[in-house]
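As structure tokens, the structure follows; a few thoughts come after it.
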Amino acid sequence: MARKNIVVFTGAGVSADSGIATFRDADGLWANYKIEEVCTPEALKNNRAKVIEFYNMRRRESLSKQPNEGHIAIAKMEEWAEVIVITQNVDNLHERAGSKNVLHLHGELMKLRSERDSNLIYDIEDGWEQSLDARAEDGALLRPHIVFFGESVPMFDPACRIVQDADVLIVVGTSLAVYPAAMLVRYAKSGVPIYVVDPGNPDTSIIRNNPLTHIKARAAEGMPELVERLKAEMK
Ligand code: APR
């Protein structure tokens, strides 16, 4: 039988079991920081030190964490299916769990880019700290390679095309509250099954033309179970 295309769309919840805080849960990041002070182009312009420090802390934290059973179950599906991960997360825990095809919708913590030329992107090879005055080769200051609120999401269109080809869509640990990202679930062909793995109540009202199964469990519990079930059905 031909291998199926499984698309996994993830949010902060998939990394919660690794000990990284989500954004909108009670203990989430946005309960402790104001978005407009750390995650907008205006903040970068007017309060650069605070923004850089915020992402330095996120980077330091993510380097100290390990992929959990949820990330690992997603990566293991590659043994028997074509899997593409579309993540809103800026950590690299999917890659570290072994996922080969990962598209980051909202950027990546381990990259910096020129403030002037968005094509000049650099991997951070060592450590977690971006110094305030680090510059790109075009002479412009470097900034975190992160999509701030109010900025366009260049990877959205490629992500839509990937979802359109899915035979199964799995949505893990996202409140589906942030657009355009949440809109992705609408690009699944009608009838394609959508599984939502989330212990909370993401806004699934946006899913209309697809059979929906909400597995109300943490990623580290719900993902391995779902993967076993899909594997038995598809192999
Ligand atoms: N396993 C799975 N899901 C979990 C877990 C867990 N252990 N713990 C919490 N969740 C769920 C919550 O129930 C919620 O639905 O994860 C979701 C987290 O939602 P948000 O905090 O809104 O995170 P996310 O959807 O990824 O946010 C989207 O918002 O601020 C921006 O750019 C940031 O990419 C982020 C975007």
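List of remarks:
- Complete set of residues in segment 120-133 that are hydroxyl-bearing (Ser, Thr, Tyr) and either surrounded by 10 or more Cβ atoms within 10 Å (Cβ to Cβ) or within 15 Å of VAL90 (Cα to Cα) (or both): TYR122
- Within segment 178-235, if we keep just the residues that are among the basic types (Lys, Arg) and over 17 Å from the mean Cα position of the chain (by Cα), the residue that is nearest to the ligand (Cβ to nearest atom) turns out to be LYS216.
- The set of residues in segment 130-177 being over 15 Å from the mean Cα position of the chain (by Cα) and either hydroxyl-bearing (Ser, Thr, Tyr) or at positive phi (or both) consists of SER131, GLY139, GLY150, SER152.
- Helices (runs of 4 or more DSSP H) enclosed by segment 1-59 - at least 1 residues per element that are among the small types (Gly, Ala, Ser) and within 22 Å of SER152 (Cα to Cα): 41-46
- ASP117 satisfies every condition listed in (1) outside any strand (DSSP E or B); (2) surrounded by 15 or more Cβ atoms within 10 Å (Cβ to Cβ) except (2).
- Some residue of segment 204-211 being among the hydrophobic types (A, V, I, L, M, F, W, C) and assigned to a helix (DSSP H, G or I): yes
- Residue that is more than 18 Å from SER175 (Cβ to Cβ) and buried (at least 20 other Cβ atoms within 10 Å of the Cβ), where the choices are ILE86, ILE74, ILE20: ILE74
Quick note: the coordinates plus some simple rules give every number you see, no bench work behind them. Nothing here was measured: the structure is a model prediction, and the numbers come from that model. Heads up, the Cβs are rebuilt from the backbone with ideal geometry, glycines too, and the neighbour counts pull from every protein chain shown.
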